[in-house]
Amino acid sequence: MGASRRSSGLFAVKDHERLVADTKASEEGGLKRAVGALDLTALGVGAVIGTGIFVIIGEGIGMAGPSVVLSFILAAVTCVFSALCYAELASSIPVSGSAYTYAYATLGELVAWIIGWDLILEYGVSVAGVAVAWGGNLNAFLDSTFGFALPEAIANPPEEGGKFNLPAVAIVAAVAFLLVRGVRETAKANFIMVFIKLAILAFFIIVAFATAFSTDNLSPFAPSGFDGMVNAAALIFFAYIGFDAVSTGAEEAREPKRDLPIAIIGSLALCTVVYILVSIAAVGSLPADQLKGSEAPLAKVLDEGAGITWAASLLAFGALIAITSVMITILYGQTRILFAMARDGLMPRGIARVSPRTGTPARLTIGLAFFIGALAAFVPLKEITELVNIGTLFAFLLVNIGVVVLRVTHPDMERPFKVPLANLPVPLFPIIGSILIVYLMTRLPGTTWWRFGIWLALGFAIYFFYGRNHSLLQRAKRS
């Protein structure tokens, strides 16, 4: 089949069949197909369950009181529409690159470049920010368990009095080393970490329900009314981000058309159940006034509600494990997105070379680790991490739109998984998903929008000066 049905100009589309064919003929070498549905589901859970559930629930309770339970459900419903769209596109176009690749197949090269550029920011800043959080949790664990902490100069980010954040750099290097070794080894390590953090959260749920839960703590259920619940849901939404990283592993899945939808939807469903049970256990074990704004609400429940004095150590350890698995999945996702962009010629193709020994883009992974490590060690991250939120929502929006476009441009293409009610004249789920995402984007602060605009303007400049001239699709049309 030809390059695309719209084959000219900045919005040239790379046909889904060509996308799949190019992965097999790539001179950079192919990624190793070595993971199944369970491994991919664990990657999704690893990316979603991080410090959010250990910390953000305290902020949510401050906004919504016990009705934060409904906030978790509302946030999950918002994510479900996008998750279903990711599942449909991932099964139909089983190629590395996630939203970047889907945009290339539906909305054209320029939009694909912009979403790829957006994902570079989202994933890169996210990994750096998570690395900084890992360093902070390491100190909390050392302090609560052994009674000492690392010196401030080497343990804190620059905005908190540090000079060089050594723990953050160390964990970035360790995760990069694991990723370079191979996707199978990465999946095994992540699976163990996911099991540990789920076991710690299960321990919290069981102990809280068995020793401290009282329905009296659930009243008043919604002290701030519906607005408080919705505002908490908008905050909590970002505790669900990460399931989309599963789709970046399309070329390393043994049966991508079957495994990717299972992993995307399965990881979101599992995380939702865990979040709801944790939130019910928390608000039912201590009054909301005692939990709101707490930096360690789960530890507080076990300490003050259940009388477990070593709770802080357990939860700090759980947070360390949770953050590490988040870093593994997000850095993995970023390397695969850049790999896809480089293979298409929009980035220097040399960085997409696959190691014949490990079957991974080792050169790209090591280069990214140096960049992210430097960001985590020296750069104040507090404000630019807000860009992760808008970047994620932007990617979700284009994936929802991409499902609608493909239904029009390729109505007869094979779709191993379809969003529910797919045969309606109007694709209802992607439209609902788009509306919900736009609503959440309008709630972001203005500073986030103009910083995002500057980043996109830089991306446009790089595309017009480099990407357009080196794009394999554009070169094929010119020859």
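The values are calculated or read from the model by the stated rules, or taken from the named source; none is laboratory data. None of the values given here were measured: they were computed from a predicted structure. For neighbour counting, all protein chains shown are included, and Cβ atoms are generated from backbone atoms with ideal geometry for every residue, glycine included.
Yes or no: segment 286-294 includes at least one residue that is polar (S, T, N, Q) and touching a Gly at 6+ places or on another chain (Cβ under 7 Å).
Our first condition is that a residue be polar (S, T, N, Q); within segment 286-294, this holds for 290, 294.
Those left that are additionally touching a Gly at 6+ places or on another chain (Cβ under 7 Å): 294.
So far as segment 286-294 goes, yes, one or more of its residues are polar (S, T, N, Q) and touching a Gly at 6+ places or on another chain (Cβ under 7 Å).
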Task: Number of positions in segment 99-141 that are in contact with a Ser or Thr (Cβ under 6 Å, 6 or more places away or on another chain) and among the aromatic types (F, W, Y) - done: 0
Task: First in segment 444-469 and within 16 Å of V111 (Cα to Cα), second anywhere and among the charged types (D, E, K, R) and modelled with pLDDT under 90, Cβ under 7 Å, 6 or more apart - done: none
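Of the residues I337, I328, I366, which is surrounded by fewer than 19 Cβ atoms within 10 Å (Cβ to Cβ), at pLDDT 85 or above and of a type in the set (A, V, I, L, M)?
Values: I337 fails: surrounded by fewer than 19 Cβ atoms within 10 Å (Cβ to Cβ); I328 fails: surrounded by fewer than 19 Cβ atoms within 10 Å (Cβ to Cβ).
So the residue among I337, I328, I366 that is surrounded by fewer than 19 Cβ atoms within 10 Å (Cβ to Cβ), at pLDDT 85 or above and of a type in the set (A, V, I, L, M) is I366.
Quick one: is L89 in contact with a Phe, Trp or Tyr (Cβ under 6 Å, 6 or more places away or on another chain), at pLDDT 85 or above, within 27 Å of L398 (Cβ to Cβ) and crowded, with 24+ Cβ neighbours inside 10 Å?
Numbers: in contact with a Phe, Trp or Tyr (Cβ under 6 Å, 6 or more places away or on another chain): yes; at pLDDT 85 or above: yes; within 27 Å of L398 (Cβ to Cβ): yes; crowded, with 24+ Cβ neighbours inside 10 Å: yes.
Yes: the conditions hold for L89.
For segment 51-77, enumerate the residues that are under 19 Å from the mean Cα position of the chain (by Cα) and surrounded by fewer than 21 Cβ atoms within 10 Å (Cβ to Cβ). Talk me through it step by step, then tell me what you get.
Step one: of segment 51-77, the residues under 19 Å from the mean Cα position of the chain (by Cα) are 51-57, 72-77.
If the condition is that a residue be under 19 Å from the mean Cα position of the chain (by Cα) and surrounded by fewer than 21 Cβ atoms within 10 Å (Cβ to Cβ), then T51, V55, I56, I73, L74, V77 are the ones that fit.
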- [ ] Return yes when M441 is touching a residue at least 40 places away in the same chain (Cβ under 8 Å), surrounded by 14 or more Cβ atoms within 10 Å (Cβ to Cβ) and either in a loop (DSSP other than H, G, I, E, B) or touching a Cys at 6+ places or on another chain (Cβ under 6 Å) (or both) and no when it is not.
- [x] no
Open item on the list: Can you report the number of residues in segment 184-230 which are under 22 Å from L320 (Cα atoms) and of a type in the set (A, V, I, L, M, F, W, C)?
Closed with: 19
Task: Every pair of residues 6+ apart whose Cβ atoms lie under 7 Å, when the first sits in segment 134-152 and is over 8 Å from A316 (Cβ atoms) while the second is of a type in the set (D, E, K, R) - done: A149/D143
Task: Options A103, A155: the member that is among the hydrophobic types (A, V, I, L, M, F, W, C), crowded, with 20+ Cβ neighbours inside 10 Å, in contact with a Gly (Cβ under 7 Å, 6 or more places away or on another chain) and free of Cβ contacts under 8 Å to residues at least 60 places away in the same chain - done: A155
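Looking at the structure I just gave you, is I437 in contact with a Leu (Cβ under 8 Å, 6 or more places away or on another chain) and either among the hydroxyl-bearing types (S, T, Y) or more than 17 Å from G97 (Cα to Cα) (or both)?
Working: in contact with a Leu (Cβ under 8 Å, 6 or more places away or on another chain): yes; either among the hydroxyl-bearing types (S, T, Y) or more than 17 Å from G97 (Cα to Cα) (or both): yes.
For I437, the condition - in contact with a Leu (Cβ under 8 Å, 6 or more places away or on another chain) and either among the hydroxyl-bearing types (S, T, Y) or more than 17 Å from G97 (Cα to Cα) (or both) - is met.
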TODO: Tell me, please, whether a residue that is modelled with pLDDT of 85 or more, aromatic (F, W, Y) and surrounded by fewer than 24 Cβ atoms within 10 Å (Cβ to Cβ) can be found in segment 219-232.
DONE: yes
Open item on the list: If V388 satisfies all but one of (1) under 26 Å from I454 (Cα atoms); (2) part of a helix (DSSP H, G or I); (3) at pLDDT 85 or above, what's the number of the condition it fails?
Closed with: (3)
Task: Residue match in segment 157-176 (condition: assigned to a helix (DSSP H, G or I), at pLDDT 90 or above and among the charged types (D, E, K, R)) - done: no
